[in-house]
Amino acid sequence: MPSITLAIDDLLQQRLEDDYKRMSIEWLRNHPGTMPPDFGQWLSERLASSVQHTGRNERELDEMRTVNAIEKLITELAPHRFGLVHLGKTAEELADAIEELGQTLLVELGLSRSRAKRIQDLLAYYAKSPKEVADMGHVVVTNRAYGALHEAYRELAARTETARARLGEDKALGRLEGAVAMLVSLGIMSRETAREKTEAFRLAGGGER
């Protein structure tokens, strides 16, 4: 084994020697009839233990950083209008998928079971079904559809007016009322506007209702 030379100050030297003496006394008390390791062997073992402990601390910090990053990603999706979606159809499928993902995290990222479980719990809490995400992000109509439906209504009203005599007043008015009722239900037209259009159509025909 190659030798290593360390330069230390007098104070540290004294502390090491005091620690070695205490270790030797404890050794002789607990292992009568045997000799404690010499100073060089004891110091080598102490340094090796310190290096291993430092390595464990670094791995622990790396694991904590990884878990914190994943947790940050999951928890920040909803505030930024993203959704964490599981495409399964049942709660059992979601539970199985979360368990499988936890095993993957254990292997691929080297996470401890407790930290992998922490990610699994977050997934279980934040995961939504496709329907839930669709409902949360549902927009009744886009601007493009809004304009198209208004144009379709305008054309229907014009055709109904042209065919008024053939359809008869009640049927013509009923067709228009059905169209405006659909627009109201979609949130494209207000009820007040619908009443105004219906009334204007009725008055244009010279009828009362």
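Identify, from the list Leu73, Leu84, the residue that is without any contact (Cβ under 8 Å) to a residue 12 or more places away in the chain and within 11 Å of Tyr126 (Cβ to Cβ).
Checking each option against the conditions leaves just Leu73.
State yes or no: is Ser129 among the hydroxyl-bearing types (Ser, Thr, Tyr) and closer than 22 Å to Leu16 by Cβ?
So Ser129 does not fit the description; no.
List every residue pair whose Cβ atoms lie under 6 Å apart, where the two residues are 6 or more positions apart in sequence or sit on different chains, the first residue falls within the range 26-48 and is in a loop (DSSP other than H, G, I, E, B), and the second residue, located anywhere, is of a type in the set (Phe, Trp, Tyr).
If the second residue must be of a type in the set (Phe, Trp, Tyr), the pairs left are Pro36/Trp27.
Among (1) at pLDDT 75 or above; (2) closer than 30 Å to Leu111 by Cα; (3) of a type outside the set (Lys, Arg), there is one condition His53 misses while meeting the rest; what is its number?
Going through the list (1) at pLDDT 75 or above; (2) closer than 30 Å to Leu111 by Cα; (3) of a type outside the set (Lys, Arg), His53 breaks only (1).
Where the second residue is at pLDDT 85 or above and hydroxyl-bearing (Ser, Thr, Tyr) and the first is crowded, with 17+ Cβ neighbours inside 10 Å and lies in the range 115-129, which pairs have Cβ atoms under 9 Å and are six or more apart or on separate chains?
Listed by first residue and then by second, the contacts come to Arg115/Thr66; Ala116/Thr104; Leu122/Thr75.
Per-residue answers, yes or no, for (1) under 21 Å from Thr66 (Cα atoms); (2) touching a helix residue (DSSP H, G or I) at 6+ places or on another chain (Cβ under 8 Å); (3) not assigned by TED's automatic domain parsing to the domain that holds Asn68:
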position	(1), (2), (3)
Val85	no, yes, no
Gly88	no, yes, no
Glu92	no, no, no
Ala95	no, yes, no
Glu99	yes, yes, no
Val107	yes, no, no
Gly110	yes, yes, no
Arg115	yes, yes, no
Arg118	yes, yes, no
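Just wondering, is there one or more residues in the range 16-28 that are at pLDDT 80 or above and of a type in the set (Gly, Ala, Ser)?
Yes: one or more hits.
What residue, of Ala158, Ala78, is in a helix (DSSP H, G or I), of a type in the set (A, V, I, L, M) and at pLDDT 85 or above?
Answer to the check: Ala158.
The values are calculated or read from the model by the stated rules, or taken from the named source; none is laboratory data. It should be emphasised that the depicted structure is a prediction, and the values quoted were computed from it without experimental measurement. For neighbour counting, all protein chains shown are included, and Cβ atoms are generated from backbone atoms with ideal geometry for every residue, glycine included.
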